[in-house]
Structure formats: C-alpha cells, structure tokens
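Right, one structure below, let's go through it.
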Amino acid sequence: MSSLILQSAYSLWYGFTGTPIFKENAKIALGDLPRTTAQQYGDCLHEYTVKEAIHDKAVLGFQVEYKSTFSQDDLDRLVAQVEQKDELEITDWSIPDKEARLPKSIYEADEHMWEVVRSIVNKSKNKLGFAKGSGQTYNALLTTSSITQAQRYFRMFCAVRDGESPFEIEEQVKRVLPDFPKVAITYSISENEEASVSNQDEMKKAIAYYNQMFGTSYTIETMRGYNRNINDRLARKRENYLVRSEQLDLVIVVDRLLTGFDAPCLSTLFIDRQPMKPHDLIQAFSRTNRLFDKQKKYGQIVTFQVPKTFEQRVKEALILYSNGGQNDVLAPSWEESKELFHQAIFDLKEVVTRPEEINLDSMNLAELKKFIKAFQQFDKSYAAVQVYSEFDDQMMGADFPFQSEEYEAYRGKYENALEILTKDPEEGGKTEIDISYELESVKTEEINYEYILMLIQAFVPSGDDAYELIPREDQKAAAEVDNYIATLSRNNPKLADVLQQIWTNILSDPEAYRDQDVSNMLEDLILQQESQMVKQFAQFWHVDEDEVAYVVSNFNEKNDKQPGENELKKTGDYQMYREHAEQPVSKLKYGRAMIEDLNDLVKEEILPFRKR
C-alpha cells in the first residue's frame, strides 16, 4: 500500500481542454472549491487557440449575423412602455441598456417566433448551400432558451411543411428542395421535472413525426436510439445518409449537441435565446466551423435576440479565447462585406465598363492580368456577400451597380483570358495571378447527375444478396429519382433521356444488371450514341469516320477552328456525296458546309452529354 501511495505522490498528470474556464467567466462555487481551470489543474503549459487553428486551416472562422425581429423604433416604444417613460426620456440610453430592459415575453410572442421561422426557411438558402443541389446541401441547429420554446418552434416548422404557416415557402427554395425543411427536435427528459409528463407527451409526437418522415420505429422508451439516429443523420458520416431522402435540414435543441458534437456538413447555428457564457458560446459556435468542402467558407451564426448585447458578448468571448485576435476569427460584417463588394464592382468596371467591350485579341499581357485579377476579386466578393441573410438577388442592379445577367458574359471573357495567359508556359509560371483559382459565385440550378446515379445504383442488386427493397424505401427513392430526372430534363434533355432509359431498364429487370456500375452503364450508352452519330455523319458527307471522331473528341466550343478540321476536309469525297444527297451543296461550299454541320451536331447533340 505504501508503495502505491508513494507512486501516486510522484505522478505527473496532463490535462487537455478545448474551452478552459478563466477568471473572467469563473464558475460559481461554494466555499473554497476551484472556480477556474487553473485553480483546478494548475498553470497552463501551452495554448493553441481558435485563432491559431484558423490560421493553420484546421478549422474555419465564424460569420456572425446579429438580427432583430423588430425595428429600433419598436425597441424604443417597448422599453418606454415597460419603464413607464416617454420615448424622448430614453433617447440617450445605450442600445444594450434598452435591450436589457426588454421583458422576456417579447421573444416568446408568436410574431417574433414566426419571423425567426420565416428567416430560417426563406433567407438561409445560401447559408445552407442550395446552389450545390439536392443531397449536397448543409444542415443547421436552432437552439432556444427552453424546452417549451423548442416545442413551439417544432410545431411551427411542422406547420410550414404542411402549408399551414402565415407565409409561403419561396419558389427558389422549393425548386431545389421540395421537401424542405426536414426538422427534428431533441431535449433531455427527466422523470423528476414538474413538466416531465407534458414534455414526454410532446416528445412522443415528435418521435412519431420522425418515424413517419424516415420510416423508423423509435419510441419514448428507445429515446437513446432516437437521439443517436438524429446525431448520425445530422453528421452524415455514413453513406446511407448522403441521399436526400435520409437527410435532416434542421435540429431544434436547447443544450444538446452544442458541445462535443462533430458534423462537418453542419454550416449554421441559429440562436434564439439570450447570450450564453463565453465558454458556452465558443463551444456552440464551434459546432459549425469544421472543414467540409470548398464552398463552406465559415461557420455561420445567426442570433435573433438582443443584437447589440449579443455582439458585445461574442467579442468578449473571442478576445478571451483567441488572445485578442477576434478580427482574425470573425468574417466581415454585412456592412463591411457590402462595401467590399461595391469596391470590387467599381474596380472591375474601371478595367472594362461592359463585357462586350472586352477585345481579348487586342489586349496585351498586362491588360489581361489586370482584368483577370479584377474579376477574381469581384467573384470572391460576390460569393461572400451572397451568404448573408440581408442579401437578395433583387439587390443586383439596384443596391449594387451590377446586373446578374452580366456575370456569365464576364465569366466567359475571364475564362478565355485565362486560357490565353496559360498558353504561354513562361508567362503563366511567373505571373502573380492565381491560375488555379476556381470561381465561387457560379450559380447553377442544374441537377447534380452524380447524385441521381447514386440513387439509381441503390436499385442494382450486388453480390450474393437477394434483391429486396423495403416497399416504403423503394417507392420513396423511386419517386426521388423520377423527380430529379424530370428536373434534369428541363436543363439537359439529352442527358435526361439517356438516364431515363437506364432507369426504366433497371426497374423492369434489376437482376439483368446485378453487380453493374450505373456510371459505367451511362458512359457506355453515351459512347454508343456518339459513335452512331459520328458514323451517320461520315456516311452522309462521305468523309473518313476516324477523322470525324478525332474532331469530335477534341472539340472545344471556345475555339473558332477545331483541331483536325483540315485533315477531315481532305478525306471528303464530293462526288459520292453529290450522288447520294437529296439537295447537295456546290463543290465550292462543300468543305465549309460539312464543318458547319459538324459543329452544329456536336454542340446540339454531343456536348450536352459532357455537361454533367
């Protein structure tokens, strides 16, 4: 025993904490019990703050929006009523002082809560990555001040899905995710709480709703499994949660999931409660800033109560946990980002007022670089400003002197300019321009065909397994495939027709496709159709089929003249063409007409297959 005591006396212990407790946010403790991490464990040996982690690109910074559901005039009126004063008497009071005097009931009113719901549903599509397409969007948390409020929010979101809310879901939202928002709720239930019976009844309804949405069978007795399934579905680390039909958009919580939960695809935390303590704020914020993909630039936070007070508390927390480096941690405010975008537009327009004025052939390398650099900066600023809730597409051409339609024209000139610059290996290597820069503002409503392939692949039996699909999953997934093929057909009917052919064949006889890869099937079918078109073209114009195939495979719609055109013309047999064509062109026009016809064929019939 004595040896064990001696060994314990000389033991050396190390502790690690992500959010230590400092004297500035010390815990309330009885007597002389430790109130800070240093009092509990001793002096800190080393610090690695969020500022260093962001600098090392281990995590993302934070973009915080402090919103209010009522105006400054409303704030003055409400505070004057509470304090029984004239509004003129409180003019000189600070905004945080006014916010501190607001009664709690203001934020419990239906008007406030419905405005929060509307903002989340209709003003968060950029935050949730809708431009990436169905199945690729991010998800979010909404944290409230109480279980009762969380329950009310859950019922409100259910009403939105059922079409019974005071507002309608915007078309831009429904077009990408017709089933948005898919919501769940989780909170702790204790048998000792006075409201336990009521909370359990509400949770039973929420679980039943969840079961209906996802075909699960949880009960209040298996709530641990329900919570675990919510965690997994929100984190999407398992392959089966990568399809839209199995995804959640929003989980409503009080304190659960705000610490320790890791979900890289979680982009946004909505907060409808008073500011938490510094370490709780940092913990909660950090649920959003995990690295995920190149489109995710920041962990995004939106608060809906006491905006000025919340802003001050966030600054204090970041100073405490980033050694005064909050400017390195926070993204620009909306006003700052808006100003940066204005400047970027000005800089681009100063280089060239309109895209049609750009004549790349007459520009020297210095002018090309200036244009490329200006457009890249514009693109970054455009992408950044779109993420804020305050941004609306209607601002383009109104608040911002740039029409949305101009973007594609500028983009085309930019890509051509970049191609000219990179054709010179020596110049491309020494230029200060970021040659590898990928445009961030490109918007697309086209369906991600890879996502469709992934859905279809689930219907292909594999290995020795019997081909059995649960009827609910079968119908749900099949309807999803039908929906996306229909949407794809509006943007790319050629590709949609081929996918529809594969999809129909698999449904009619899945065993015939056992262990086959749907992606390979698509490529094979496209190659067959392309080869058939090349063959028919060569037969009609009486030219060499291999030369036609060469031009087609190397076709670049940006080029005025395609590689292999001259060689193709040389193989033409005008006499044979004339004998078999119903309305042959003259020999003088034969070569040019044949090339024009080939260009039309590739652009109209073949290139759509490559745009995926």
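Sorted by average packing, counted as other Cβ atoms within 10 angstrom per residue and highest first, what order do 563-573, 150-160 take? Show your work: numbers first, answer last.
Numbers: 563-573: 15.6, 150-160: 19.8.
Those peptides, ordered most packed to least, come out 150-160, 563-573.
Could you report region 116-224's accessible area per residue, 1.4 Å probe, as an integer in Å²?
Values: 4750 Å² over 109 residues.
Here the residues of region 116-224 average 44 Å² of exposed surface.
Could you give log10 I(q)/I(0) at q = 0.13, 0.20 Å⁻¹ for region 195-324, computed by the Debye formula over C-alpha point scatterers of equal weight, without solvent?
Values, matching the q order: -0.66, -1.22.
Determine one quarter of the surface area of the Cα convex hull of region 112-158, which equals its mean projected area, and express it in nm² to one decimal. Don't skip to the end; give the middle numbers.
Numbers: hull surface 14.5 nm².
Over every viewing direction, the Cα hull of region 112-158 projects on average to 3.6 nm².
Need one number: nm distance between label points at A486 and E390, each 7 Å from Cα along Cα→Cβ, rounded to one decimal.
Inter-label distance under the simple model: 4.0 nm.
Could you tell me what a quarter of the Cα convex hull surface of region 123-188 works out to, in nm² with one decimal place? Mind dumping the intermediate values first?
Numbers: hull surface 19.8 nm².
Quarter of the Cα hull surface area: 4.9 nm².
Between L527 and H580, what is the label-to-label distance in nm when each label sits 7 Å out along the Cα-to-Cβ direction?
About 2.6 nm separates the two model spin labels.
Across 10 Å bins from the origin, how do the percents of Cα pairs in region 369-423 run, short distances first?
P(r) for region 369-423, in whole percents per bin: 21, 49, 23, 6, 0.
In square nanometres, what is one fourth of the surface area of the convex hull spanned by the alpha carbons of region 557-612? Could the numbers behind the result be given before it?
Numbers: hull surface 18.8 nm².
Value for region 557-612: 4.7 nm².
M521: accessible area at probe 1.4 Å, nearest 10 Å²?
Surface open to solvent at M521 totals about 30 Å².
Does a label point 7 Å from the Cα of Q457, set along Cα-to-beta-carbon, have any residues of region 124-142 with amide nitrogen under 15 Å, and which are they?
136
Out of every Cα-Cα pair in region 71-180, what percent are more than 25 Å apart?
On the way: 2407 of 5995 pairs.
It works out to 40 percent of all Cα pairs.
State the Kirkwood hydrodynamic radius of region 460-612 in Å, one decimal place, computed from all pairs of distinct Cα atoms.
Numbers: mean 1/r = 0.0549 Å⁻¹.
Answer for region 460-612: a Kirkwood hydrodynamic radius of 18.2 Å.
The values are calculated or read from the model by the stated rules, or taken from the named source; none is laboratory data. If you're wondering where the values come from, they're calculated on a predicted model, not measured in any experiment. In this analysis, Cβ positions are derived from the backbone assuming ideal geometry, glycine residues included, and neighbour counts consider all displayed protein chains. Calculation scope for accessible area: heavy atoms of the full protein, side chains included, ligands and nucleic acids excluded. Shrake-Rupley method; radii C 1.70, N 1.55, O 1.52, S 1.80 Å.
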